[in-house]
Amino acid sequence: MAFLKFRSKKRRVFVLSIDGVPHSFLQNQIAQGRFPHLARLVEKGAFTRMRSVYPTISSVAWSTFMTGKNPAKHGIFGFVDHRPNSYDVFIPTSLNMTSKTLWEILSERGKRVVVVNVPVTYPVRQVNGILVSGFLATNLEKATFPQEISGQLEQMDYRIDADAALARKSLDKFLEDLRLTLEKRVQAMYHFMDHEPWDYFHLHIMGTDRINHFMWEHMEQGHPRYARAFLEYYDQIDEILGDLNSRLGDEVTFILMSDHGFCTIKQEVNLSRYLVERGLLKFEQNPPAGLGDIHSSSQAFTLIPGRVYINLKGREPKGGVDPSNYEKVREKVAEELLGFHLPDTGEKVIQKVFRREEIYRGENLSSAADLFAIPFDGFDLKADVKKEGLTEKTALVGMHTYDDASLFVRGKKIIREDVQIMDLLPTIMSLMNVPVPQDVDGRVAV
């Protein structure tokens, strides 16, 4: 990739992204006198609630952020996806992303970038600067561009991600791992800030999403021990905000953002089991070894979270739904989803159902799910074909929400009421005086 050099007045942007932090949570904590650095910071710019993307999964949200496009254009549809003409699933990476990223576009325009830990940046792509990929990377040597940066990070004992598995064994050990991971992330940030020239700097903190998944309910319910520990982790981030606000001069636009909101999980709900109970999903053997045991008489199957596929003949290996009946079956499945009530409580599970063409447009539309089941907050949709139970409550106590992501831009005003995550790419490029590609879906927000 050849990078051009342009001579113009530098307009720099620093982005600190805190994964999965709700705008409402930050507002409430400020109102209670917590997070003093954030409280002072938001007085100096625009602080607003932001919409995410469907499905509300970090890999999809950050792909939408970094491309400014909807999933049917950038090609990342979930944390897992199924291969064409197969029921096998895989984890999409940057290799599956069909659009250029913000940092690639900036690089081509002669801007130097430093990007650390953003999801779906592995395997690394070439940039004009430094790229350290996020949690899908398995080791540092393969996680950086240029590769020699990995040596510097290893000397710092840098960590790609906290060990979320610890949370299922010991919350105390999990908290310690979170703190250490955050400290190493911040150490790397200051190292690159002090030793590397940059026009665009992006540091991503994944630990907020991790702690929210395993301790959000503890915080909301005021757990005698872990509610305080939860907030103390956020206090660390508030200290980082205060230091960054002091370090970054007025010539740098400072952006704080998250990719989605969070709420307490009432129940994990197995949508695959519901489809089985409604006669829409059947298997050749019970219990099935996996989705590959689907019976050709099945009308639909699902992948997390709430993505529903019609078992279409000619598209799926054991497809039983004739293309001439596609719309009729899709309508039937949508009605069944909207009629889903928990048998024990009578609570309605699904808030709305979208057809893919209602929320997506682009060259990859045919790869998207046929339907998107959007649950009411508190019902975390799963898709385990091996489990017979419809609901369960596990160590996972927090889930993502769509309409409560957060955005702060220092020294600016929001010019649009309805801001969504895909608006950040054109907004950042506009702030940096770089032409915005015509094929993006987002619009300038400040």
Extension gain, Asp322 back to Ala39 (0.36 nm per residue minus Cα-Cα distance, nm): 96.1 nm
Euclidean distance of C-alpha centroids, the stretch 123-165 and the stretch 170-193, integer Å: 14
Potential lengthening between Arg179 and Arg83 on full extension [0.36 nm per residue; Cα-Cα distance subtracted]: 30.8 nm
Reachable lysines from Lys412, criterion Cα separation under 18 angstrom, eight or more residues apart if same chain: Lys10, Lys44
Sequence ranges 272-278, 296-302, 421-427, 88-94, ranked by mean other-Cβ count within 10 angstrom, highest first: 421-427, 296-302, 272-278, 88-94
Gain upon complete extension [Met193, Lys348; 0.36 nm per residue less C-alpha separation]: 50.9 nm
The stretch 128-145 - phi-based ³J(HN,Hα) in whole Hz, Karplus 6.51/-1.76/1.60, Gly and Pro as x: 8, x, 10, 9, 10, 6, x, 5, 6, 5, 8, 8, 5, 4, 9, 9, 10, 10
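What is the antiparallel percent of DSSP beta bridges lying wholly in the stretch 267-392, to the nearest 5? Let's see the in-between values first.
Working: 15 of 21 bridges.
Rounded to the nearest five, the antiparallel share is 70 percent.
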14 Å beta-carbon shell around Val120, net charge (K/R +1, D/E -1): -3
Nonlocal Lys pairs with alpha-carbon distance under 21 Å, the stretch 267-392 (8 or more apart, or different chains): 18
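State the three equivalent ellipsoid semi-axes of the stretch 221-380, derived from the C-alpha gyration tensor as the square roots of 5 times its eigenvalues, in descending order and whole Å.
Gyration-tensor ellipsoid for the stretch 221-380: 41, 22, 14 Å.
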Note, ³J(HN,Hα) from phi for the stretch 256-268, Karplus 6.51, -1.76, 1.60, rounded to Hz, x at Gly and Pro: 10, 8, 10, 9, 6, x, 8, 8, 6, 7, 7, 8, 7
Lysines whose Cα lies under 19 Å from that of Lys142, excluding same-chain neighbours fewer than 8 positions away: Lys184
Candidate values [x] 147; [y] 185; [z] 129, label of the one derived for volume of the Cα convex hull per residue in Å³: [x]
Cross-link reach list, aspartates and glutamates versus Lys173, counting only Cα pairs under 13 Å and skipping chain neighbours closer than eight places: Asp163
For Phe262, distant residues with modelled amide H under 5 Å away: Thr401
Euclidean distance between Cα centres, the stretch 297-351 to the stretch 268-289, Å: 11
Rounded to 5, the percent of DSSP beta bridges in the chain classed as antiparallel: 55
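All of the numbers you see were taken from the coordinates with simple rules; none came from a lab. For clarity, every value in this text was computed on a predicted model and none was experimentally measured. When we count neighbours, we look across all protein chains shown, and the Cβ atoms used for this are built from the backbone with ideal geometry, even at glycine.
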